[in-house]
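Enquirer: The following block contains the structure, expressed as structure tokens.
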Amino acid sequence: MKRIVTIQDISCVGKCSLTVALPIISATGVEAAIIPTAVLSTHTMFKNFTCKDLDDQILPIAEHWKSEGLSFDAFYTGYLASAQQIAKVIRLIEELKTRESLVIIDPAMADNGKLYPAFDEEFPQEMAKLCAIADIVLPNITEACYLTNTPYQAEYDEAFAKEICRRLAAQGAKKVVLTGAAFDGKYGVLLFDSRKDSFYFYEQERIDASYHGTGDIFSSAFTGSLIRGVSIEESVRIAADYTAECIRVTKSSPEANWYGVDFESTIPYLIKRLSD
Ligand code: PXL
């Protein structure tokens with residue numbers, strides 16, 4: 001069985017980061033090892049959340065795994081707790097990576113033109129260093145702007161979206177998967193392969209709703225599918241459709257919580273897509 005290590009926080013309540021990555025990766029039929037980067041009582045859209053940084057565990061875990069001869073088919077990172085933690089994550093990846101392992105970075109740090117509450121303006125510079133060693137980076141448009149020092153634009157055209165992918169690739173990432181790409185009346189996911197110098201756009205229906213944690217759901221479904229052996233284009237389609245399905249189900253449920261989507265009831269959809 002293929003094995004991923006996913007490196008992100010555990011928000012005890014919130015349906016994001018590790019609480020969605022673990023079940024989703026498992027549903028794709030891939031083993032999920034984890035490194036929790038911090039324990040939070042909830043995600044940071046709640047008020048008064050607690051946070052315990054687990055920074056000092058990252059390198060000891062890497063050393064132990066190395067001594068056990070453990071290897072991973074992919075390193076998949078999400079929300080990281082602090083700028084100084086990023087250098088440790090880079091070291092961990094460098095220590096444990098083999099020639100075959102893929103490095104997949106979701107620079108989960110911003111949305112709608114703004115950084116998440118726990119981050120300051122220095123954070124994106126550190127995150128850019130992690131993205132520079134990525135085989136695949138998975139930003140939304142806000143994150144892509146922060147990472148490339150490009151002023152954020154709520155409205156943009158296809159040329160802008162493509163340019164921002166090229167800039168991320170010029171900084172080191174081999175492939176870019178730009179999520180929530182909205183231009184020229186279209187909505188979807190834009191994939192850029194810098195080696196082939198080619199773009200692929202997967203257009204989706206735009207659902208008029210926005211929920212927390214959907215970026216983590218997309219990235220987990222994408223990573224699980226890809227490591228299971230699905231092509232990158234099909235992994236984009238599966239992850240985008242699964243995320244849209246989660247949003248649709250949540251929007252139509254009177255019992256849905258404000259803080260996340262009902263990704264649980266849609267897990268059979270993900271499994272079916274992978275077995276089709
Ligand atoms: O979904 C991204 C995410 C993950 N983890 C924590 C967060 C957020 C977004 O705000 O606060 C703790």
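The values are calculated or read from the model by the stated rules, or taken from the named source; none is laboratory data. The structure displayed is predicted, hence computed values, not measured ones. Using ideal geometry, Cβ is built from the backbone for each residue, glycine included, and neighbour counts are taken over all protein chains shown. Side chains included, ligands, DNA and RNA excluded: accessible areas come from the protein's heavy atoms. Shrake-Rupley method; radii C 1.70, N 1.55, O 1.52, S 1.80 Å.
Enquirer: Quick check on the range 5-19: of everything there that is of a type in the set (A, V, I, L, M, F, W, C), open to solvent by less than 50 Å² (accessible area, probe 1.4 Å) and touching a Pro at 6+ places or on another chain (Cβ under 9 Å), which residue is nearest to the ligand (Cβ to nearest atom)? Please lay out each step first, then the result.
Expert: Step one: filter the range 5-19 for residues of a type in the set (A, V, I, L, M, F, W, C), giving 5, 7, 10, 12-13, 16, 18.
If we keep only those that are open to solvent by less than 50 Å² (accessible area, probe 1.4 Å) too, we end up with 5, 7, 16, 18.
Adding the requirement that they be touching a Pro at 6+ places or on another chain (Cβ under 9 Å) leaves 7, 18.
Working: 7: 12, 18: 9 Å.
Selected residue: 18.
Enquirer: Filter the range 54-80 down to residues that are outside any helix (DSSP H, G or I) and over 15 Å from residue 34 (Cα atoms), then give me how many there are. Break it down into steps so the answer makes sense when it comes.
Expert: Filtering the range 54-80 down to residues outside any helix (DSSP H, G or I) leaves 54, 68-80.
From the residues that got through so far, the ones that are over 15 Å from residue 34 (Cα atoms) too are 68-69.
The number of residues fulfilling the criteria is 2.
Enquirer: Residues that are at pLDDT 95 or above, within 16 Å of the ligand (Cβ to nearest atom), assigned to a loop (DSSP other than H, G, I, E, B) and in contact with a Cys (Cβ under 7 Å, 6 or more places away or on another chain): does the range 107-116 have at least one?
Expert: Yes, there is a match, as at least one residue in the range 107-116 is at pLDDT 95 or above, within 16 Å of the ligand (Cβ to nearest atom), assigned to a loop (DSSP other than H, G, I, E, B) and in contact with a Cys (Cβ under 7 Å, 6 or more places away or on another chain).
Enquirer: Here's something else I'd like to know. Please find, among 110, 159, 118, the residue that is in contact (Cβ under 8 Å) with a residue 40 or more places away in the chain and either within 22 Å of residue 220 (Cα to Cα) or small (Gly, Ala, Ser) (or both).
Expert: Numbers: 110 fails: in contact (Cβ under 8 Å) with a residue 40 or more places away in the chain; 159 fails: in contact (Cβ under 8 Å) with a residue 40 or more places away in the chain.
That would be 118, the only listed residue that is in contact (Cβ under 8 Å) with a residue 40 or more places away in the chain and either within 22 Å of residue 220 (Cα to Cα) or small (Gly, Ala, Ser) (or both).
Enquirer: I would also like to ask the following. In this structure, is residue 2 within 10 Å of the ligand (Cβ to nearest atom) and either on the phi > 0 side of the Ramachandran plot or open to solvent by 40 Å² or more (accessible area, probe 1.4 Å) (or both)?
Expert: On the way: within 10 Å of the ligand (Cβ to nearest atom): no; either on the phi > 0 side of the Ramachandran plot or open to solvent by 40 Å² or more (accessible area, probe 1.4 Å) (or both): yes.
So residue 2 fails the test.
Enquirer: Continuing with the same structure: Can you find, within the range 49-99, the residue that is nearest to the ligand (Cβ to nearest atom) among those that are open to solvent by less than 40 Å² (accessible area, probe 1.4 Å) and among the hydroxyl-bearing types (Ser, Thr, Tyr)?
Expert: The qualifying residue nearest to the ligand (Cβ to nearest atom) is 79.
Enquirer: Which of the residues spanning the range 24-48 are surrounded by 16 or more Cβ atoms within 10 Å (Cβ to Cβ), within 22 Å of residue 225 (Cβ to Cβ) and not hydrophobic (A, V, I, L, M, F, W, C)?
Expert: Those that are surrounded by 16 or more Cβ atoms within 10 Å (Cβ to Cβ), within 22 Å of residue 225 (Cβ to Cβ) and not hydrophobic (A, V, I, L, M, F, W, C): 28, 29.
Enquirer: Filter the range 237-276 down to the residues that are buried (at least 16 other Cβ atoms within 10 Å of the Cβ) and small (Gly, Ala, Ser) and list them by number.
Expert: Answer for the range 237-276, where residues must be buried (at least 16 other Cβ atoms within 10 Å of the Cβ) and small (Gly, Ala, Ser): 239, 240, 244, 260.
Condition check ((1) buried (at least 16 other Cβ atoms within 10 Å of the Cβ); (2) within 24 Å of residue 213 (Cα to Cα); (3) β-branched (Val, Ile, Thr)) across all residues:
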residue	(1), (2), (3)
133	yes, no, yes
136	yes, yes, yes
140	yes, yes, no
143	yes, yes, no
147	yes, yes, no
154	no, yes, no
161	yes, yes, no
164	yes, yes, yes
170	no, no, no
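Enquirer: Looking at the range 20-48, which of its residues are assigned to a helix (DSSP H, G or I) and more than 9 Å from the ligand (Cβ to nearest atom)? It would help to see each step written out before you state the result.
Expert: Restricting attention to the range 20-48, the residues satisfying the condition of being assigned to a helix (DSSP H, G or I) are 20-27.
Passing the criteria: 21, 22, 23, 24, 25, 26, 27.
Enquirer: Which one is surrounded by the most Cβ atoms within 10 Å (Cβ to Cβ), of the residues in the range 193-234 that are of a type in the set (A, V, I, L, M) and part of a helix (DSSP H, G or I)? Steps first, please.
Expert: Just the residues of the range 193-234 that are of a type in the set (A, V, I, L, M), to begin with: 207, 209, 217, 221, 226-227, 230, 232.
The next check asks that each one be part of a helix (DSSP H, G or I); those that pass are 217, 221, 226-227, 232.
Numbers: 217: 26, 221: 30, 226: 27, 227: 25, 232: 16.
In this case the residue turns out to be 221.
Enquirer: Right, next: Exactly one condition in (1) touching a residue at least 12 places away in the same chain (Cβ under 8 Å); (2) in a loop (DSSP other than H, G, I, E, B) is false for residue 103; which is it?
Expert: (2)
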